[in-house]
Amino acid sequence: TPVSERSLPTPTILILILCCFSQALFNLLIPDHAADAFSPPRLSEPGLGDLLLERLLGGLSRWDAEHFLFIAERGYLYEHNCAFLPLYPLSLRAVAQGVLWPFQRLLRFRSRLLLSAVLLNSLFSVLAAVALYELGRLVLGRRRVAFLAAALFSLSPANVFLAAAYSESMFAFLAFSAMWQLEKGQSWLSGLLFSLAAGARANGLLNAGFFLYSHGKGFALQLQGGSGSVRKLPPLWKRLLSLVSSAALVCAGIFLPFVLFQYYAYVRFCDSGTGPEPPIPRPLLELALDKGYRLVAMDGVKPPWCSQRFPLVYSYIQDAYWNVGFLRYFELRQIPNFLLALPVTLLGSWAAWTYLAANPRHCLTLGLERRKSEEEGKPRAGFCGPAVFVYVVHSTVLLAFGFFCIHVQVLTRFLGCSSPVLYWFCAHLLQEHEPLLWSEGTGHRATAPRSTKSLLSKSGSGGKGASENPVVMLLTNCRLITPLSKCVLGFFVSYWLLGLVLHCNFLPWT
């Protein structure tokens, strides 16, 4: 039965509503942990609307969300705020001052920013699921697996970060949309979306690799074409010059937002001659003194990173404030965090090994060798198809970097909001090994066993709704599914739930 693209946003919206309701409930029932996290003072008395909104959505403003909301309200006042790139806070501010301006008498600015975050993230999450489906349709060549992957994204183990005032949902939407447009051949639109993604999160810089690979692969396949086709092409040096110039131009565009922000931070914190700064409210000054936060250099004392040959505030903050670096997190006391990242580490490694084992020659030649199936126009479909290669490489690089160089517990959201491979591979496992998903006409498996069909019919889960929402169908028939399916779905559901319980009450999470 063909899946309906129009039904895809529905489960995403329902899960977002459930997420907001659940975090409000958990926030009401569980007292907040007294975490040593960034918590700036409120400078104005909250009204009744502010108190009500905080009660309903306050769980979505924890941990790094406080940074984003503070930046949107006050700008980059403290040095360590510069670890968070500006596109998302600017978007929050624009919505709060524009769309939500009529509510200014009911809600103070900070409350409108929080409401803006919930509205924007809901929109971005739905659009990201649609973009992931369209991308999967082109890359995997199997609509059912693409739909299943997008449905899994709606139940992402990183779901709390897609709903909270974090930049993850915006980044996922921009990154998946850019990959989709690149697969469609829309290079310039893809470059623009990748550039915007790099303005939301620093790991968006790695997406330049998609452009370099796409252009390099096209050039390599041209060189392997027949003699007749080569004579119709421009001379080799012209093609090479065009390749290098276009790739350099697009990559420069992707890096531009990050570079401009580093320059902005340098001017703000290192250049004391930029003019008088507006007065800083006393409570914010006291917070800086109490916590040791560095303010704008009004007294002429410059931060140490200003004198570096390449003054990058981002890398300095990661090093000085959060001790991010190669193998720095490999300590005995961090074992619980490594266990927290174990499921996504195993899935990412398993995905890379599965692809390598299925395509050893393709991987050794970096996918640059023309294959007979490509010449015949019938490339292999599914997760192990040739088009998935660059995505597996991207996912593996993110996994290795996250495991060895950053706080390992963030791996779940790091991969879940940056790479489609986590969802594609889990969808591949479910489609390959779960009989409840096998049906006639898929060109993949035979029909489900008769005993399974009868049980499904008795449970009322074998109708149209099940075919349109495979994740819900599997969850409602959890007693019938295979142990592998239980493990995959158990990971998604448990992390979805634990994230809401822990993160929304200032307890440590990913």
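The values are calculated or read from the model by the stated rules, or taken from the named source; none is laboratory data. Predicted model, so just to flag it, every value in this text is computed and none were measured. Using ideal geometry, Cβ is built from the backbone for each residue, glycine included, and neighbour counts are taken over all protein chains shown. Keep in mind that these areas ignore ligands, DNA and RNA; they rest on the heavy atoms of the full protein, side chains included. Shrake-Rupley method; radii C 1.70, N 1.55, O 1.52, S 1.80 Å.
One table, with the values for the structure above:
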| item | result |
| --- | --- |
| Residue among 152, 196, 138, 148 that alone is farther than 27 Å from residue 96 by Cα and open to solvent by 10 Å² or more (accessible area, probe 1.4 Å) | 138 |
| Where residue 471 falls short, out of the listed (1) β-branched (Val, Ile, Thr); (2) in contact with a Leu (Cβ under 7 Å, 6 or more places away or on another chain); (3) at pLDDT 90 or above | (3) |
| Only listed residue being at pLDDT 95 or above and either surrounded by 19 or more Cβ atoms within 10 Å (Cβ to Cβ) or under 23 Å from residue 20 (Cα atoms) (or both), chosen from 88, 78 | 88 |
| Residue 365, sole failed condition from (1) touching a Ser or Thr at 6+ places or on another chain (Cβ under 8 Å); (2) surrounded by fewer than 15 Cβ atoms within 10 Å (Cβ to Cβ); (3) of a type in the set (Ser, Thr, Tyr) | (1) |
| Which listed residue is crowded, with 16+ Cβ neighbours inside 10 Å and either modelled with pLDDT of 95 or more or not β-branched (Val, Ile, Thr) (or both), from 73, 45 | 73 |
| Boolean, residue 499 is under 15 Å from residue 343 (Cβ atoms) and either modelled with pLDDT under 90 or crowded, with 20+ Cβ neighbours inside 10 Å (or both) | yes |
| Residue that is assigned to a helix (DSSP H, G or I), farther than 28 Å from residue 10 by Cβ, in contact (Cβ under 8 Å) with a residue 40 or more places away in the chain and out of contact with any Leu (no Cβ under 8 Å at 6 or more places or on another chain), where the choices are 206, 192, 212 | 192 |
| Filtered residue count, the stretch 52-102, keeping only those that are free of Cβ contacts under 8 Å to residues at least 60 places away in the same chain and of a type in the set (A, V, I, L, M) | 10 |
| Selected residue (only one of 190, 242 is open to solvent by 10 Å² or more (accessible area, probe 1.4 Å) and farther than 27 Å from residue 17 by Cβ) | 242 |
| Members of the stretch 298-348 found to be more than 22 Å from residue 266 (Cβ to Cβ), aliphatic (A, V, I, L, M) and without any contact (Cβ under 8 Å) to a residue 24 or more places away in the chain, listed by number | 332, 335, 339, 342, 346 |
| Some residue of the stretch 272-288 being in contact with a helix residue (DSSP H, G or I) (Cβ under 7 Å, 6 or more places away or on another chain) and modelled with pLDDT of 90 or more | no |
| Residues of the stretch 337-373 satisfying the condition of being hydroxyl-bearing (Ser, Thr, Tyr), modelled with pLDDT under 95 and part of a helix (DSSP H, G or I) | 373 |
| Residue check for residue 131: open to solvent by 20 Å² or more (accessible area, probe 1.4 Å), assigned to a helix (DSSP H, G or I) and of a type in the set (A, V, I, L, M, F, W, C) | no |
| Flag for residue 28 being open to solvent by less than 10 Å² (accessible area, probe 1.4 Å) and either among the basic types (Lys, Arg) or not in a loop (DSSP other than H, G, I, E, B) (or both) | no |
| Any hit, the stretch 174-187, residues being aliphatic (A, V, I, L, M), open to solvent by less than 10 Å² (accessible area, probe 1.4 Å) and farther than 30 Å from residue 73 by Cβ | yes |
| Failed criterion for residue 260 (all others in (1) surrounded by fewer than 14 Cβ atoms within 10 Å (Cβ to Cβ); (2) within 22 Å of residue 306 (Cβ to Cβ); (3) modelled with pLDDT under 90 hold) | (3) |
| Residue count for the stretch 494-510, restricted to those that are within 18 Å of the chain's Cα centre (by Cα) and part of a helix (DSSP H, G or I) | 5 |
| Test for residue 421: is it over 17 Å from the mean Cα position of the chain (by Cα), of a type in the set (A, V, I, L, M) and modelled with pLDDT of 90 or more | no |
